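Q: Please read through the structure below; I'll follow up with questions.
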Amino acid sequence: MLRAADVSFTYRRATGRARTGAMESAMTQAPGGRERHDDVLKHVFLEVDRGDLVGILGPNGSGKTTLLKLLGGVFPPASGSVTLDGRPLAGWSRREIARRIAFVPQETSTPFDFTVLDIVLMGRFPHLGTFALEGPEDLAIARRALEATGTAAFEGRAFSTLSGGEKQRVVVASALAQSPELLLLDEPTASLDIGHQIEVQTLLRRLNADGGVTMVLSTHDLNLAAALCRRLVLLKDGHVLATGRTEDVLTPDTVRELYHVNAEVAWHPRAGHLTVVPIGRS
Amino acid sequence: MQPIRTRLAIAVVVFGALLLGALAFAPLVGSTPISLARVFDRSVPFADNLDAQIFFIARLPRVVAAALIGASLAAAGAVFQALLRNPLATPDTLGVSSGAALGAMLAITFHLDFSVSGLPTIPLASFAGSLCALGVVYALATGRRRGLSTTVLLLAGVTMTGFLSALTLFIQYLADFTATFRTVRWLMGSLDIGSYGPILTVLPMLIVAFGMFATLPRPLDLISLGADAAAARGVNVARAERSALISASLATGAAVSIGGPISFIGLVVPHLVRLFVGSDHRLVLPSSALFGAVFLIVCDLVARTAFAPIELPVGIITAVIGGPFFLWLLTRASR
């Protein structure tokens, strides 16, 4: 469905472009607001099949967020191509892309007192004309997205009053309201406590299994990746270290190579997935 | 919650009715009392109808100018707040009004003449001034990648205002005495307007600005969540930001070229409006424009009548209301 072929990207290029528009400038910043000129991708190949749940795993600064944004067509690769069903994203308008691919940033905040429903309805933007207002059908789609994410109870509450986990679920609901075929999530559980991590994790698994939503998520949480993802792409310094089924790729060797950490990787019978226990610096 | 259609209709009807009321009532007040019934008395020809003449020729231009300026500054304020993701961003706090004032001052004092396709020099100079000032602040904001913190934004605005005001004073110092007298009143923000001329000259700019405003509400909602989120929802962020910058500068430039840098409208009005309609910019923008018009008409009415027969510059009234309001917001924002 989605295919990245020989994709490379450097930030120096993007900073040059950023002068023409603030979109690129805001897009190219690394999470946490630091600039990372070393944050590059080198000849990355990636294929996502319909219904798949792919994790992009790697240490900080390995290019995870950049890869996600390239996959979402937020900016074009310096070389190589990203294609959706065989058509290169480079030729699509933002609106066209947003009807098929939704992107959930690591954190979302706003200076205004939008309600939860307001935020979710904004997901309908790519489906509406410039002057069109949402109708009953859009409202129904938004309500379904609220249901699906278990956030229907606080649709009238102010977004800014929610907890981190609740916010993240609402933003996922807003992305679902886009009616996308593909959901990209940038470190969906970063900065959440384990209670909220499990909450978001359960939600994503259910959306993928029951809702048939194809997902690609980036994370540096090995156990989240092990619990959730069917396939993994391991990124290090902008190139793909390994890619394949989670059971095949997630090994003590790859963990050592990625993080310079000795770890035990074992099947946990009660959890029903691999677990990674870091032992010490390698 | 009512659907957006209903809420928009209610907002437009309520604020529109307030505006119509203000437009009809404000010209009735003044040194010569007139009655609305006689103004619209069809049986008397206009040439003999003194009330109608006072209403339409002597007083209405000023009221209409107040309405247009109020609407422009309030809408521009709402746009700035969303664009810079900061509730304290307004034409005044960013130094954009000062830029517009400097542009206009340059044109007035040095009798510049570069009218472009029929548009007169002063509003154009004013637009250029506001665009330059905004460009500097905006470059700062996007240069820092994550948008400006309130502190940096306000410091940048204070610095811009101080710098531009110094230039304005310098130009004033160079100018001759009579010109200085005229411009001092104008710089306080005054609506001493006795004809429709100034309004007609800026009308094309305002039409373009408000036409562009009409396309902005939803992109602004999304941009207020962050550029990432907006682009991911299908907003062409670069284009939306560009048209927001240009339209807000056009509106500010046009408004300042008629009435001077009347302060705090762009701050007070959008915040008051949000209390009633929420944060959705499809409601905030039109409501701010309509209520901004009402707000400035009322302030001007106070300026004309409070110390009659002396007429205060309306900028003094808006500043007296806006200053404390701003401080109150600041204490809330810094919490």
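The values are calculated or read from the model by the stated rules, or taken from the named source; none is laboratory data. Keep in mind the model is a prediction, meaning the values are calculated, not measured. Neighbour counts run over all protein chains shown; Cβ positions are idealised from the backbone, glycine included.
Q: For the range A:127-138, check the following and say yes or no: at least one residue is more than 17 Å from A:R99 (Cα to Cα) and not in a loop (DSSP other than H, G, I, E, B).
A: yes
Q: Now for a separate question. Free of Cβ contacts under 8 Å to residues at least 40 places away in the same chain, within 19 Å of B:T168 (Cβ to Cβ) and touching a Ser or Thr at 6+ places or on another chain (Cβ under 8 Å): does that describe B:A101?
A: Taking the combined requirement at face value, the residue does not satisfy it.
Q: Consider B:A319 against the criteria (1) in contact with a helix residue (DSSP H, G or I) (Cβ under 8 Å, 6 or more places away or on another chain); (2) among the small types (G, A, S); (3) more than 14 Å from every other protein chain (Cβ to nearest Cβ): it satisfies all of them except one. Which criterion is unmet?
A: Failed condition: (1).
Q: If you take the residues in the range A:83-114 that are more than 7 Å from chain B (Cβ to nearest Cβ) and in a strand (DSSP E or B), which one is nearest to the chain's Cα centre (by Cα)?
A: Restricting to residues being more than 7 Å from chain B (Cβ to nearest Cβ) and in a strand (DSSP E or B), the top hit is A:V104.
Q: Report, by residue number, each residue of the range A:134-151 that is among the aliphatic types (A, V, I, L, M) and surrounded by 16 or more Cβ atoms within 10 Å (Cβ to Cβ).
A: Within the range A:134-151, A:L139, A:I141, A:A142, A:A145, A:L146, A:A148 qualify.
Q: So A:A173 fits all but one of (1) small (G, A, S); (2) within 14 Å of chain B (Cβ to nearest Cβ); (3) without any contact (Cβ under 8 Å) to a residue 12 or more places away in the chain; what number is the exception?
A: Only one criterion in (1) small (G, A, S); (2) within 14 Å of chain B (Cβ to nearest Cβ); (3) without any contact (Cβ under 8 Å) to a residue 12 or more places away in the chain is unmet by A:A173, namely (3).
Q: Give me the pairs: first residue in the range B:1-25 and within 14 Å of chain A (Cβ to nearest Cβ), second residue in a loop (DSSP other than H, G, I, E, B), beta-carbon distance under 6 Å, and six or more apart or on different chains, which are they?
A: Correct list of pairs: B:I4/A:L133; B:I4/A:E134; B:R5/A:L133.
Q: One residue is enough: does the range A:127-146 have a residue meeting the conditions away from chain B (no Cβ under 14 Å), at pLDDT 90 or above and either under 27 Å from A:T66 (Cβ atoms) or over 18 Å from the mean Cα position of the chain (by Cα) (or both)?
A: yes
Q: For residues in the range B:238-273 being farther than 18 Å from B:A78 by Cβ and without any contact (Cβ under 8 Å) to a residue 24 or more places away in the chain, which is surrounded by the fewest Cβ atoms within 10 Å (Cβ to Cβ)?
A: The extreme case among them is B:R239.
Q: Here's something else I'd like to know. Filter the range B:1-49 down to residues that are among the hydroxyl-bearing types (S, T, Y) and in a loop (DSSP other than H, G, I, E, B) and give me whichever is modelled with the lowest pLDDT.
A: B:S31
Q: Go through (1) part of a loop (DSSP other than H, G, I, E, B); (2) buried (at least 19 other Cβ atoms within 10 Å of the Cβ); (3) facing another protein chain (nearest Cβ under 8 Å) for A:T189 and report which single condition fails.
A: Condition not satisfied by A:T189: (3).
Q: Just checking, does the range A:162-169 include any residue being touching a Lys or Arg at 6+ places or on another chain (Cβ under 8 Å) and buried (at least 18 other Cβ atoms within 10 Å of the Cβ)?
A: No, the range A:162-169 contains no residue that is touching a Lys or Arg at 6+ places or on another chain (Cβ under 8 Å) and buried (at least 18 other Cβ atoms within 10 Å of the Cβ).
Q: Sticking with this structure for a sec: Would you point out which residue out of A:G123, A:G72 is within 23 Å of A:Y11 (Cβ to Cβ), touching a residue at least 12 places away in the same chain (Cβ under 8 Å), surrounded by 22 or more Cβ atoms within 10 Å (Cβ to Cβ) and within 13 Å of chain B (Cβ to nearest Cβ)?
A: Of the residues listed, the single one that is within 23 Å of A:Y11 (Cβ to Cβ), touching a residue at least 12 places away in the same chain (Cβ under 8 Å), surrounded by 22 or more Cβ atoms within 10 Å (Cβ to Cβ) and within 13 Å of chain B (Cβ to nearest Cβ) is A:G72.
Q: Looking at B:A71, B:A78, B:A89, can you tell me which residue is within 17 Å of B:G292 (Cα to Cα) and touching a His at 6+ places or on another chain (Cβ under 9 Å)?
A: Answer to the check: B:A78.
Q: Among the residues of the range B:157-197, count how many are surrounded by fewer than 19 Cβ atoms within 10 Å (Cβ to Cβ) and in a helix (DSSP H, G or I).
A: 22
Q: Which one is farthest from B:G162 (Cα to Cα), of the residues in the range B:66-98 that are surrounded by fewer than 24 Cβ atoms within 10 Å (Cβ to Cβ) and not hydrophobic (A, V, I, L, M, F, W, C)?
A: Among those residues, the one meeting the criterion is B:R85.
Q: Return the residue satisfying two criteria in turn: it lies in the range A:242-262 and is aliphatic (A, V, I, L, M) and in contact (Cβ under 8 Å) with a residue 24 or more places away in the chain, and of such residues it is nearest to A:S79 (Cα to Cα).
A: Looking at the filtered set, the residue picked out is A:L258.
Q: Scan the range A:55-82 for residues that are in a helix (DSSP H, G or I) and touching a strand residue (DSSP E or B) at 6+ places or on another chain (Cβ under 7 Å) and jot them down.
A: A:K64, A:T65, A:T66, A:L67, A:L68, A:L70, A:L71
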